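In what follows, a single structure is set out as structure tokens and then discussed.
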Amino acid sequence: MSTTPAPTAVAPLTTADAEALVAAARRAAEAAGVTVSVTVLDAGGHLLAFRRDDRAVLISGETSTRKAYTALQLDAPTADLVDVVQPGGLFHTLPTALDRPLLFIAGGVPVHRDGRLIGAIGVGGGAPGQDHGFATAAVEALV
């Protein structure tokens, strides 16, 4: 008989959570005077929320989604992955080895609850460091 306790259930990322993440990221971006797109994915990589500010560059919608997807698949902030895909980096060939929409630019952050991955947020439209800051602020604001 096993004495290992059964894993406890962790509440998934909800639509309300996703909307709160989008709102928090947008507030952070607005405070910095930056127009952005924000994407929130659930643990399965399905779209829960998306918002592009009226004046955000059009490509920011695609970059925010790819950043969220990358953060989710690798369970790491995309800001932490930029160097590993550079020539000589541990995952140098990863961006071209897979037929997936990965993007190794800062702005994607995984979302955890009780230590488990439940989704990811991606922000695009500002400088990479700004996007990372907006996404991080949103995750930190999620209660």
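Among the residues of the stretch 106-143, how many are surrounded by 17 or more Cβ atoms within 10 Å (Cβ to Cβ), free of Cβ contacts under 8 Å to residues at least 60 places away in the same chain and in a strand (DSSP E or B)?
Summing the residues that are surrounded by 17 or more Cβ atoms within 10 Å (Cβ to Cβ), free of Cβ contacts under 8 Å to residues at least 60 places away in the same chain and in a strand (DSSP E or B) in the stretch 106-143 gives 3.
Within the stretch 52-62, does at least one residue satisfy the condition of being surrounded by 14 or more Cβ atoms within 10 Å (Cβ to Cβ) and touching a helix residue (DSSP H, G or I) at 6+ places or on another chain (Cβ under 8 Å)?
Taking the stretch 52-62 and keeping what is surrounded by 14 or more Cβ atoms within 10 Å (Cβ to Cβ), we get 52-53, 56-57, 60-62.
Pick out the ones that are also touching a helix residue (DSSP H, G or I) at 6+ places or on another chain (Cβ under 8 Å) and you get 52-53.
Yes: one or more hits.
I need a count of the residues in the stretch 97-142 that are among the small types (G, A, S), more than 13 Å from the chain's Cα centre (by Cα) and at positive phi.
First, pick out the residues of the stretch 97-142 that are among the small types (G, A, S): 97, 106-108, 115, 119-120, 122, 124-127, 129, 133, 135, 137-138, 141.
Among the residues that remain, those that are also more than 13 Å from the chain's Cα centre (by Cα) are: 97, 115, 125-127, 129, 141.
Imposing the further condition that a residue be at positive phi reduces the set to 115, 125.
Residues in the stretch 97-142 being among the small types (G, A, S), more than 13 Å from the chain's Cα centre (by Cα) and at positive phi: 2 in total.
May I ask you to say which residue of T35, T4 is in a loop (DSSP other than H, G, I, E, B), of a type outside the set (A, V, I, L, M) and either within 18 Å of P110 (Cβ to Cβ) or at pLDDT 95 or above (or both)?
Numbers: T4 fails: either within 18 Å of P110 (Cβ to Cβ) or at pLDDT 95 or above (or both).
Among T35, T4, only T35 is in a loop (DSSP other than H, G, I, E, B), of a type outside the set (A, V, I, L, M) and either within 18 Å of P110 (Cβ to Cβ) or at pLDDT 95 or above (or both).
Do you know which residues across the stretch 20-77 are out of contact with any Phe, Trp or Tyr (no Cβ under 9 Å at 6 or more places or on another chain) and at positive phi?
Residues satisfying the conditions are G33, D75.
Give the residue, chosen from L48, L103, that is crowded, with 21+ Cβ neighbours inside 10 Å and either at pLDDT below 95 or more than 15 Å from V123 (Cα to Cα) (or both). If you could, list the steps in order and put the result at the bottom.
Numbers: L48 fails: either at pLDDT below 95 or more than 15 Å from V123 (Cα to Cα) (or both).
So the residue among L48, L103 that is crowded, with 21+ Cβ neighbours inside 10 Å and either at pLDDT below 95 or more than 15 Å from V123 (Cα to Cα) (or both) is L103.
Please enumerate the residues belonging to the stretch 63-79 that are in a helix (DSSP H, G or I) and either touching a helix residue (DSSP H, G or I) at 6+ places or on another chain (Cβ under 7 Å) or loosely packed, with under 15 Cβ neighbours inside 10 Å (or both). Reasoning before the result, please.
Step one: filter the stretch 63-79 for residues in a helix (DSSP H, G or I), giving 63-74, 78-79.
Residues satisfying the conditions are K67, T70, A71, T78, A79.
Would you please list the contacts, defined by Cβ atoms under 6 Å and residues six or more apart or on different chains, that run from a residue in the stretch 33-45 that is farther than 19 Å from L72 by Cβ to a residue that is assigned to a loop (DSSP other than H, G, I, E, B) and of a type in the set (D, E, K, R)?
What qualifies is T35/D53; T35/R55.
The values are calculated or read from the model by the stated rules, or taken from the named source; none is laboratory data. None of the values given here were measured: they were computed from a predicted structure. Cβ: placed from backbone, ideal geometry, glycine included. Neighbour counts: every protein chain shown.
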